[in-house]
1. Run the simple label-point estimate for Glu35 and Glu51 please: 7 Å along Cα→C-beta, distance reported in nm.
2. Cβ neighbours within 10 Å, averaged per peptide: list 45-51, 11-17 in order, most packed at the top.
3. Put a dot 7 Å past each Cα toward the Cβ at Lys28 and Trp63; how far apart are the dots in nm?
4. Taking N as the number of residues in the range 9-75, what is its alpha-carbon radius of gyration divided by 2.2 N^0.38 Å?
5. What nm value, rounded to one decimal, do you get for the distance between Asp17 and Glu44 when each label is placed 7 Å out toward the C-beta?
Amino acid sequence: MAGRNGDGMEGMQLAEDQIKVLEENFTKVTKHPDEATLMLIAAECGLSEQETAKWFRLRNAQWRQSEGLPAEQGSVKD
């Protein structure tokens, strides 16, 4: 993870309940939220859409790495 330069999830300073909402949406709803879904998730956990999108980007990279896939989304569809 890219935690040293402050660009990783560690630098986002999220509360436990925010992380819980984000994780639930990630695992149960979608790993790739569209704009409307992103807006709803952001509103639900009190984050901006940009912060929420960033969290999903980072979380996706983390998930892909744990699955042994390239960190960036390529031709393999998850």
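Just so it is clear, none of the values below were taken in a lab; they were calculated from the coordinates. All of these numbers come straight from a predicted model, not from anything done at the bench. Because the Cβ atoms are built from the backbone with ideal geometry, glycine has one as well, and the counts that use them run over all protein chains shown.
1. 2.2 nm
2. 45-51, 11-17
3. In this crude label model, Trp63 to Lys28 measures out at 1.4 nm.
4. Normalised Rg, Cα atoms only: 1.07.
5. 1.4 nm
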